[in-house]
1. Within the range 20-42, does at least one residue satisfy the condition of being out of contact with any His (no Cβ under 7 Å at 6 or more places or on another chain), crowded, with 16+ Cβ neighbours inside 10 Å, modelled with pLDDT under 90 and closer than 30 Å to Phe259 by Cα?
2. In the list Glu181, Glu189, which residue meets the criterion of being surrounded by fewer than 16 Cβ atoms within 10 Å (Cβ to Cβ), among the acidic types (Asp, Glu) and over 20 Å from the mean Cα position of the chain (by Cα)?
3. Give the residue that is modelled with the lowest pLDDT, with candidates limited to residues of the range 71-87 that are buried (at least 17 other Cβ atoms within 10 Å of the Cβ) and not small (Gly, Ala, Ser).
4. What number of residues in the range 237-289 are within 30 Å of Ile164 (Cα to Cα) and acidic (Asp, Glu)?
5. Name every residue in the range 278-301 that is more than 21 Å from the chain's Cα centre (by Cα) and either acidic (Asp, Glu) or assigned to a strand (DSSP E or B) (or both), in order of residue number.
6. Consider Cys315 carefully, then state whether it is of a type outside the set (Gly, Ala, Ser), touching a Pro at 6+ places or on another chain (Cβ under 9 Å) and at pLDDT below 75.
7. Counting just the residues of the range 238-277 that are in contact (Cβ under 8 Å) with a residue 12 or more places away in the chain, in a loop (DSSP other than H, G, I, E, B) and not small (Gly, Ala, Ser), which one comes out nearest to Pro206 (Cα to Cα)?
8. In the range 200-211, is there at least one residue being closer than 22 Å to Thr170 by Cβ, modelled with pLDDT under 90 and among the β-branched types (Val, Ile, Thr)?
Amino acid sequence: MHRSPFALALLVLACVACDGDKDTADTADEACGVSVTTFPLQGAVSAYYRSDVEFKLTKPDATAQITTDIPGSQELSADGLTVYWRLSQPLAPSTTYSASLTYCTGTVELSFTTSALGTAIPDASTLQGRTYLLNLADARITEPPGIGALLSSELDGVSIYTGITDVTATTITVIGGLGREDAATPTQEYCDPTIDFPVADFTASPHFEISGDGATPITVAGTTVYIENLNISGDFASDLSYFGGGVLAGTIDTRPLDFEFGDEVGFICDTAAALGVVCAPCGDGEPFCLSLVADSIDAQLVADLELVVIDGNNCVGCVEGPPPDASDICDEDPAAP
């Protein structure tokens, strides 16, 4: 059984089965009617070494000021509710840092320790052939807020894998694939085409970054959507057992998906507008694109599963497992355009 194309397409882009307020915590300090939450958490022991520090206010305060020895600079969000400390360079792995926010008449102290991510990989070539399962439930969506709750029921139980098909000293090649919902063990869904992501920059190993110029097509359950300015990044653990600190961002053209849920172009953007989310212009200038950003994404290594490349869509007559030639897995529907 396939999930809705809309939910699955957004899943590939932004892993949005999450609440925008996860991974923050209320502090006990409250002054002048303003309370503060932080990211990372106070006392966190597994903060990502490339993540900015955030202090979120319940209402704007122009006097808010961050003090820290962390190299970087302060920035205020457009709505005045988040004070960022933007890193000018990555932090060190497994190291404790501190920062404080002075606001109104109060001060919030933050101390956190970075995880071991960022530690060198002894032999990166052994990444080839490995498959990772994205952890969707614990991701943090930061843009737009509230959209995760809308899609959480659609994403329940959906598995998406990323597989490494080639590794060089400076690049890695990554494909994506859905998992079979009725399988007792992790199994690739051979009736869906795999996703060919742009080749990832691996020069800062163990950090990787996938950047797509223009529109990147992604086909899920027979529906093709286009992602503009696709960006995916993260770090592999030194033992390659997982990758963490994952960020997925991009702008999705919602028009191919409108008729899955409504009867006219603009249905999805109209629905989003009711939640206070405004669609932006696409590459052709039409206002039907939805920008999405999610971070704090982890993906665990899946033993004994290596993704195979599946070409095409509109698959019929699929078999239970991959034949020797993966291109023979599905027949194309002759009635398909």
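The values are calculated or read from the model by the stated rules, or taken from the named source; none is laboratory data. Note that the structure is predicted; figures quoted are calculated from it, not measured. Here the Cβ positions follow ideal geometry from the backbone for every residue, glycine too, while neighbour counts run over all protein chains shown.
1. The answer is yes; a qualifying residue exists.
2. Numbers: Glu189 fails: surrounded by fewer than 16 Cβ atoms within 10 Å (Cβ to Cβ).
The match here is Glu181.
3. Ranking the qualifying residues of the range 71-87, first place goes to Thr82.
4. 2
5. The answer is Asp284, Glu286.
6. On the way: of a type outside the set (Gly, Ala, Ser): yes; touching a Pro at 6+ places or on another chain (Cβ under 9 Å): yes; at pLDDT below 75: yes.
Yes; evaluated as a whole, the condition is true for this residue.
7. Within the range 238-277, the match that is nearest to Pro206 (Cα to Cα) is Leu240.
8. no
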